[in-house]
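Inspection log for the structure reproduced underneath, given as structure tokens.
The values are calculated or read from the model by the stated rules, or taken from the named source; none is laboratory data. Predicted, not measured: the structure shown is a model, and the values here were computed from it. Heads up, the Cβs are rebuilt from the backbone with ideal geometry, glycines too, and the neighbour counts pull from every protein chain shown.
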Amino acid sequence: MWQRLRISYDKSIEDGYKGWRGTGEMSWALNDIPGNDQLIRYENGLNNEILKRPFTAICQYDANLFSGAMLMEVLRVHPYMID
């Protein structure tokens, strides 16, 4: 996924855009799929990618679906929240 973000960002800059924005709806992490236990690692990796390529991203978490504990973990990684 990080590679896809890099490619998308680089392509938008090559095409003359001044930046890139993305959004991700995160309820997929609640499904029993391989890798869903790596969610916080993934979110941390996004922070690292933003340092290299300054894009804007919004990660959407439905507070009705995720546990309070998981939302606190996410907020440790991404300390900004829009309610």
Checked region 1-20 for anything part of a helix (DSSP H, G or I) and touching a residue at least 40 places away in the same chain (Cβ under 8 Å); matches are 2, 5, 6, 9, 10
Residue check, residue 19 modelled with pLDDT under 95 and over 13 Å from the mean Cα position of the chain (by Cα): yes
**Message:** Going by what's in this entry, would residue 7 be described as exposed (fewer than 10 other Cβ atoms within 10 Å of the Cβ), over 10 Å from the mean Cα position of the chain (by Cα) and among the β-branched types (Val, Ile, Thr)?
**Reply:** no
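Within region 21-80, take every residue that is in a helix (DSSP H, G or I) and hydroxyl-bearing (Ser, Thr, Tyr) and give me the one that is nearest to residue 3 (Cα to Cα).
Per the stated criteria, the residue is 42.
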Q. Quick one: is residue 58 β-branched (Val, Ile, Thr) and in contact with a Ser or Thr (Cβ under 6 Å, 6 or more places away or on another chain)?
A. yes
Reported set for region 27-76 where residues are surrounded by 11 or more Cβ atoms within 10 Å (Cβ to Cβ), under 24 Å from residue 10 (Cβ atoms) and touching a residue at least 12 places away in the same chain (Cβ under 8 Å) is 42, 43, 44, 45, 46, 47, 49, 53, 55, 57, 58, 59
